[in-house]
Amino acid sequence: SLDDVTFSLIGTGHNRQRATIDHRINSVKAVPLDGDGRTYVVVAGDSAGQCHLYLVSEDGAVRHTPGIMVPCSSRPILSLAMIPVHDRILVAMGTTAGDVTLYNLLPRSEQRLRDDWHDLEAQPWVPLIKFQAHQMGTNAMSHSIHESSPTAAQVT
């Protein structure tokens, strides 16, 4: 029984742009933002090595923010991890080359994210670290957060 569980769909399943069959979204992650807990930042990685960012609200009350698309890799992005740490969200991307790239992109505050939204698209994304996790594709990732204090955390 799932009487004690409620599901909310935050995506519509529609895309305004037509894409070829070779342009696929391979991984999608969503993290709730600080505030009412009903607004999410959604990150998707595609087969062209592009990263797509969206702000999505459960109830549609938040004003529309256009999605953005940023080139992140010369290889298709196969997996994503979004890691909320203190007042930011780290984004890790795994590619078909076996690389994992970690970005410190996103403030966790909805207002700060809205204020910085155009900068995320206009400025090149600079990775914190990049390493080869596997000699072939990185199809999945997992993470764990070990907090040692309110101002320091270890991500494994």
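When each of Asp99, Asp46, Asp87 is tested for being more than 22 Å from Ser27 (Cβ to Cβ) and either among the acidic types (Asp, Glu) or in contact with an Asp or Glu (Cβ under 6 Å, 6 or more places away or on another chain) (or both), the lone residue that passes is Asp87.
So which residues in region 28-39 are under 14 Å from the mean Cα position of the chain (by Cα), surrounded by fewer than 20 Cβ atoms within 10 Å (Cβ to Cβ) and not basic (Lys, Arg)? Those that are under 14 Å from the mean Cα position of the chain (by Cα), surrounded by fewer than 20 Cβ atoms within 10 Å (Cβ to Cβ) and not basic (Lys, Arg): Val28, Ala30, Val31, Pro32. For region 76-105, filtered to residues that are free of Cβ contacts under 8 Å to residues at least 60 places away in the same chain and in a loop (DSSP other than H, G, I, E, B), the residue that is least open to solvent (accessible area, probe 1.4 Å) is Gly98. Filter region 1-57 for residues that are among the hydrophobic types (A, V, I, L, M, F, W, C) and modelled with pLDDT under 80; which is nearest to Asp116 (Cα to Cα)? Once the filter is applied, the top-ranked residue is Ile10. Applying the condition of being among the hydrophobic types (A, V, I, L, M, F, W, C) and modelled with pLDDT of 90 or more to region 60-88 and asking which residue is nearest to Tyr40 (Cα to Cα) yields Met82. In region 114-128, of all residues being under 25 Å from Ser142 (Cβ atoms) and either of a type in the set (A, V, I, L, M, F, W, C) or out of contact with any Phe, Trp or Tyr (no Cβ under 7 Å at 6 or more places or on another chain) (or both), the one that is modelled with the highest pLDDT corresponds to Leu128.
Okay, residues lined up against (1) out of contact with any Lys or Arg (no Cβ under 9 Å at 6 or more places or on another chain); (2) part of a helix (DSSP H, G or I); (3) open to solvent by 30 Å² or more (accessible area, probe 1.4 Å):
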residue	(1), (2), (3)
Ala44	no, no, no
Met69	yes, no, yes
Asp116	yes, yes, yes
Pro124	yes, no, yes
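I need the full set of residues from region 127-151 which are open to solvent by 90 Å² or more (accessible area, probe 1.4 Å), touching a strand residue (DSSP E or B) at 6+ places or on another chain (Cβ under 8 Å) and part of a loop (DSSP other than H, G, I, E, B), in order please. Answer for region 127-151, where residues must be open to solvent by 90 Å² or more (accessible area, probe 1.4 Å), touching a strand residue (DSSP E or B) at 6+ places or on another chain (Cβ under 8 Å) and part of a loop (DSSP other than H, G, I, E, B): Leu128, Asn139, Ser142.
On inspection, Asp99 fails the criterion of being within 19 Å of Gly37 (Cα to Cα) and more than 12 Å from the chain's Cα centre (by Cα).
The values are calculated or read from the model by the stated rules, or taken from the named source; none is laboratory data. A quick note: this is a predicted structure, and the numbers were derived from the prediction, not measured. Note that each Cβ is placed from the backbone with ideal geometry, even for glycine, and that neighbours are counted across all protein chains shown. To get the accessible areas, we keep the full protein, side chains included, count just its heavy atoms, and leave off ligands, DNA and RNA. Shrake-Rupley method; radii C 1.70, N 1.55, O 1.52, S 1.80 Å.
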